[in-house]
Amino acid sequence: MHVAFLNENTLGHASYLMPFVRWFEAHPEAGIQPHVIHATPLPPGMKWRAETSVRGLRKAGLDFHNARWRLTVSQHVRNELDALRAKQPLDAVVVNTQSVALQLADLVKELPVCVCLDATFQQLAGSRWFAPNAPTRWMLPLTIAPLMSGERALYHAARKMFPWSEVVAESLRRDYQEPVEKIKTLPPSLDLTQLPFTPRKALGSKPKLLFIGGDFQRKGGPLLLEVFRQHFVQRAELHIVTQATMAEESGVKVHHAVQAYSPEWLALWQQADAFVFPSTLETFGLVILEALALGVPVITAEVGAAAELMGKDERGLLLKDNHAATLKQALENLLKDYPAAVKRAEAGRTWVEQRHNLERNAGVLGQTLKQLVR
């Protein structure tokens, strides 16, 4: 079977589809021959249309940047897919996410199309992804309209929907009236051979706290830094992995240019006593999943799929809000009863093995594709 995998390779989306592709490439006996199309970079003739904006209008949500980027990238993906089909007959198409698939609805007359997604546009409409301030919220019905019609047409036409989490599956059922039998949760999946579980030991004299977030501001870094400076600088070490420019200070070590799954990245996880992630804006939270896989005790804000991943504090501590006092108390609780934190981390690894195992989920995806083609 020849299957096109259309990949939105921006932000955390880039980490979702490619593990499945690599697994199928390494397991030809599964019978899936993947052909990858990346949504970006855009060709020069399209780039200006997608990315050019007027500052004042963009702040008010009136330059239609959200819609222009998605519609332009979707057209680029369709062009690339048509070019691929001219050279190689295909049996099915898998796309992540709907943002790059808005020009594919008519394709289902010829091929089964499956859509993976970390959030519906209806969910994003209620978040700062689409409406970061009052003017953009007020104008949102106008600026999101070009996307919503295309999204609904895509969902209606798609043969299978693969939401990343149950929260997204519920939005598909509730907000889009998609039938239950069409929806199958396919969560982000990890190659656990690359993420060895390391049992945590007793805390040392200065526990190591780890924060990983390319966008330091959006991932909650300033809040964590504030709480650390005021309450933990004499009691712990804080290791920050980020792309942001920032200076080291007492008790704080900053790591730049650390590539995911590199030896340096893995060493930081293995040395960490806790992962602290008070992010303010996520659609899923892949780094939380990696922390669970590696058996690191987690403190995270309730964003994206964090509540589902934490399991009502069974696999980590979930902050009820992003206030300094709440984060301070959560850190105090973790350090005071570290054996309980370790127990939650071990439950997290078990959860990942059961639900987010790449080998298992790639098998599910492969069988589903074969059934659709038959």
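The values are calculated or read from the model by the stated rules, or taken from the named source; none is laboratory data. Treat the numbers as computed from the prediction; the structure is a model and nothing was measured. Cβ: placed from backbone, ideal geometry, glycine included. Neighbour counts: every protein chain shown.
Just a few scattered comments:
- If the condition is being farther than 28 Å from Ile288 by Cα and crowded, with 18+ Cβ neighbours inside 10 Å, then the stretch 10-33 contributes Ala30, Ile32.
- Whichever residue in the stretch 142-191 is among the acidic types (Asp, Glu) and part of a loop (DSSP other than H, G, I, E, B) and, among such residues, is nearest to the chain's Cα centre (by Cα): Asp191
- Only a single item in (1) surrounded by fewer than 21 Cβ atoms within 10 Å (Cβ to Cβ); (2) assigned by TED's automatic domain parsing to the domain that holds Leu17; (3) closer than 27 Å to Val21 by Cα; (4) of a type outside the set (S, T, N, Q) is not met by Phe197, and it is number (2).
- In the stretch 223-265, the qualifying residues are those that are among the aliphatic types (A, V, I, L, M), touching a residue at least 60 places away in the same chain (Cβ under 8 Å) and not in a loop (DSSP other than H, G, I, E, B), and the one that is surrounded by the most Cβ atoms within 10 Å (Cβ to Cβ) is Leu224.
- Filter result (under 20 Å from Ala291 (Cα atoms) and either assigned to a helix (DSSP H, G or I) or among the aliphatic types (A, V, I, L, M) (or both)) within the stretch 209-222: Leu209, Leu210, Ile212, Gly221
- Residue check, Lys182 in contact with a Ser or Thr (Cβ under 6 Å, 6 or more places away or on another chain) and either buried (at least 22 other Cβ atoms within 10 Å of the Cβ) or touching a residue at least 12 places away in the same chain (Cβ under 8 Å) (or both): no
- Some residue of the stretch 308-319 being surrounded by fewer than 16 Cβ atoms within 10 Å (Cβ to Cβ), under 30 Å from Cys116 (Cβ atoms) and small (Gly, Ala, Ser): yes
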